[in-house]
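To keep things clear, I will list the structure first and then write my remarks on it.
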Amino acid sequence: MKDAIAIIVGLLLVAVAGTSVGAASGADEPVRAGRTYTSGLGPVWEAIVAEAGIDVSYASLPPKRKRRSFVDGYLVLDCCHPKIYRDTPEERATHLFSDPIYYARAHYVFRKGEVVPINKPADLEPYRVAGIRGFDYRWQDHFGVRLDGRDHRDVLNLVTKNRADIGIITGLQYRIEQATNPLPLELGGISAEGYLHASVHVSRPDLLPRINAAIAAMKADERLNMLLLLKGQNE
């Protein structure tokens, strides 16, 4: 029943988009966009929006509030997330996902020389695992203890100071953090992987082709890879 209600809400929003909001889109009034939480993806998202020529006002919100604000229509644009973490009935009804931006790999991170293999959910049960407050993680119900940091730097510090046994961080963000302030850590196996997408609220479907065109243009001339510090390399 909840799924049906969420889908009906989404269809109603599409209908509204075709009238009053659709008219507003011609004037291209500023829309509200969510900021990303990582220094690695922040410049990428802002560059995509700029390339798309969309006038935005950015809002910085905590992770859970940001997800709710998008469903409620307070945010019209957001980035950058896998589809599997925007999969509640309400989110399925309100998110229009962009073409893939980046294939991200989240790794387990350990103190140097203390890497252990994590191959199944039960392997996490003995350990204190650090993540970012409000983020969802694969197999999180099997963490022995979950410790939350404000950002990736907090996650790495929790591991370094032995308050957590394991952290979770993308390869991209790990490279950035270690380049600016190296810590005695090393990456372990992959926690999760998949494509990251931007989201357009269902009330403004006219913005999705513009976002997709911007992503395509930035891939074609390698700007996207340069911003992601990939330079043709995989994580």
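The values are calculated or read from the model by the stated rules, or taken from the named source; none is laboratory data. Values in this document were obtained by computation on a predicted structure and should not be read as measured data. Neighbour counts are summed over all protein chains in view; Cβ atoms, including those assigned to glycine, are modelled from backbone coordinates with ideal geometry. Heads up: the accessible areas ignore ligands, DNA and RNA and are worked out on the full protein's heavy atoms, side chains in. Shrake-Rupley method; radii C 1.70, N 1.55, O 1.52, S 1.80 Å.
Are there any pairs, at least 6 apart or on different chains, whose C-beta atoms fall under 7 Å, with the first in the stretch 180-194 and under 15 Å from His152 (Cβ atoms) and of a type in the set (Ser, Thr, Tyr) and the second open to solvent by 70 Å² or more (accessible area, probe 1.4 Å) and in a loop (DSSP other than H, G, I, E, B), and if so, which?
Short answer, once both residue conditions are applied: Ser191/Arg138.
How many residues does the stretch 127-139 hold that are within 17 Å of the chain's Cα centre (by Cα) and on the phi < 0 side of the Ramachandran plot?
Here the count works out to 7.
Residue by residue through the stretch 35-58, note down the ones that are over 25 Å from Ile168 (Cα atoms) and either in contact with a strand residue (DSSP E or B) (Cβ under 8 Å, 6 or more places away or on another chain) or not in a helix (DSSP H, G or I) (or both).
Passing the criteria: Ile48, Val49, Gly53, Ile54, Asp55, Val56, Ser57, Tyr58.
Of everything in the stretch 119-138, what is without any contact (Cβ under 8 Å) to a residue 40 or more places away in the chain and not small (Gly, Ala, Ser)? Give them in sequence order.
Lys120, Pro121, Asp123, Glu125, Pro126, Tyr127, Arg128, Val129
Cβ contacts < 7 Å: first residue touching a residue at least 12 places away in the same chain (Cβ under 8 Å) and over 13 Å from Leu187 (Cβ atoms), restricted to the stretch 151-166; second residue in a loop (DSSP other than H, G, I, E, B) and open to solvent by less than 10 Å² (accessible area, probe 1.4 Å), any location; separation 6+ or different chain. Result?
From the stretch 151-166, the pairs are Leu158/Ala164.
Residue by residue through the stretch 64-83, note down the ones that are closer than 15 Å to Ser98 by Cα and within 11 Å of the chain's Cα centre (by Cα).
Asp78, Cys79, Cys80, His81, Pro82, Lys83
I'd like to check something: does the stretch 187-195 contain any residue that is part of a loop (DSSP other than H, G, I, E, B) and either in contact with a helix residue (DSSP H, G or I) (Cβ under 8 Å, 6 or more places away or on another chain) or open to solvent by 60 Å² or more (accessible area, probe 1.4 Å) (or both)?
No, every residue in the stretch 187-195 fails to be part of a loop (DSSP other than H, G, I, E, B) and either in contact with a helix residue (DSSP H, G or I) (Cβ under 8 Å, 6 or more places away or on another chain) or open to solvent by 60 Å² or more (accessible area, probe 1.4 Å) (or both).
State which residue is farthest from Met226 (Cα to Cα) when the search covers only the stretch 145-186 and only residues that are open to solvent by 50 Å² or more (accessible area, probe 1.4 Å) and in a strand (DSSP E or B).
Once the filter is applied, the top-ranked residue is Val145.
Tell me whether the stretch 60-70 contains one or more residues that are in a loop (DSSP other than H, G, I, E, B) and closer than 18 Å to Ala216 by Cα.
Within the stretch 60-70 (the criterion being in a loop (DSSP other than H, G, I, E, B) and closer than 18 Å to Ala216 by Cα), the answer is no, since none of the residues qualifies.
State all residues of the stretch 34-65 that are buried (at least 16 other Cβ atoms within 10 Å of the Cβ) and either free of Cβ contacts under 8 Å to residues at least 24 places away in the same chain or acidic (Asp, Glu) (or both); if no residue qualifies, say none.
Scanning the stretch 34-65 gives Gly42, Glu46, Glu51.
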